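To keep things clear, I will list the structure first and then write my remarks on it.
The values are calculated or read from the model by the stated rules, or taken from the named source; none is laboratory data. Small disclaimer: the values here were computed from a predicted structure and weren't measured. Please note: Cβ atoms are built from the backbone with ideal geometry, for glycine as well, and neighbour counts cover all protein chains shown. Please note that ligands, DNA and RNA were not included when accessible areas were found on the heavy atoms of the full protein model with its side chains. Shrake-Rupley method; radii C 1.70, N 1.55, O 1.52, S 1.80 Å.
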Amino acid sequence: MATNGKLKCNHCPICNGRGCIGELPGLGGVFENKNFQLNCDGWNELRKLAEQNGTLKNLEQIQISPQNLRCGPVTGAEENIGYKKEEDFYLPYFTAAFNSGIGICVGDGCPDLKLHLGIQAIKSLKEKNPNKVNDVAFFLKPYPDAKLQERLSWIKPYASYIGIDIDSYNILTMRNLVNLEKKTVNQLTEFRNQFEVPFVIKGVFTDEDLTLVKELKPGVVYISNHGGRVETRVGSSAEFLQKHAAELKNYCDEIWVDGGIRTKEDVQTAIFYGADKVILARPFIRALFENDIAGMEKFAKELM
């Protein structure tokens, strides 16, 4: 889809964070891509651990269904991906996910246009497929409460899950630009009480986040370091999942995870170590940009 712009990607044979160091905005990460790289390497390390423990065969026998997969909450199509127009991204991205039978995640961003474009794309998809588009998760940034309430009113008619993207607070430039807040348990509880769909806490990655989850008991815990794109502790989503999944299951109904997922084996590994749903972004973005909806659908099929 070259007419859509130029993809901000170096087209490495293996997408593991070694080829886009220092490329933000774009598809790179912070800390010279350190966490991006650790995310990708982490799933291989967990497979080695399973082999050492004599459980690799069990891991490799896991059957993957579309219900195990979701496309990640992505915005910033112009500055981060390379599209000529922001609006060119959302509907094809969500359509490919829907056609593949996988869940959809809708992201939030600045300016408000990004969230509105996501909502418009979901609305359009629902109009074309009545009663079938029913697995849509919206993730809002932790704006001041009044702005958060406004955004909630926009998304409630379309949301199967509603989440707060707590790790986005660690994006310093955005935090200062739009006054993101570090929400308390009481604030998050009051927010959750305003809707009936499952509540998702996205960006669980630190000991402090674990304490928050234990007090809040959300419907879904979403383990993530924003694909290695936020300034948080050094580490991988894989190691955090392996260390804490069993404990987290006591405080939520489902665990979702993203970060460095590239292959069917990565998906199997995440499920084996406790994930209920596995989220991908960069590989789907590249497949969509280069080969349109069919390209993303083909990649999704290869994961199952």
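Miscellaneous remarks
- Peptides ranked, highest mean first, by Cβ atoms within 10 Å: ranges 129-140, 98-109, 37-48: 98-109, 37-48, 129-140
- Hydrodynamic radius (Kirkwood) for region 103-159, which is based on Cα pairs only, to one decimal in Å: 11.7
- For region 150-304, the solvent-accessible area with a 1.4 angstrom probe is 40 square angstrom per residue.
- Inter-label distance for Asn291 and Glu196, nm, one decimal - labels placed 7 Å from Cα along Cα-to-Cβ: 4.2
- For the chain, calculated [θ]222 nm from helices alone, where every DSSP H run of n ≥ 4 adds -39500 (n - 2.57): -13000 deg cm²/dmol
- Within the accessible area of the chain (1.4 Å probe), percent carbon and sulfur: 49
- Amide hydrogen neighbours beyond the local backbone of Gly163, cut-off 5 Å, H modeled: Phe138, Phe139, Leu140, Val200
- Net length available on complete extension from Glu60 to Leu113 is 14.8 nm, with 0.36 nm assigned per residue and the Cα-Cα distance removed.
- Rg over Rh, two decimals, region 175-304 (C-alpha only, Kirkwood Rh): 1.00
- Value of Rg to Rh for region 223-271, rounded to two decimals, is 0.96; Kirkwood radius and Rg both from alpha-carbon coordinates.
- Kirkwood Rh and Cα Rg combined as Rg/Rh, region 244-284: 1.00
- Among the listed pairs Lys182/Lys214; Lys182/Lys217; Lys141/Lys277; Lys48/Lys298; Lys132/Lys277, a Cα-Cα separation exceeding 26 Å is found for Lys48/Lys298.
- Among [x] 0.93; [y] 0.97; [z] 1.08, the entry derived from the coordinates for Rg/Rh (Cα atoms, Kirkwood Rh): [x]
- Take 69-76, 148-155 and order them by the average number of nearby Cβ atoms within 10 Å per residue, most first; the result is 69-76, 148-155.
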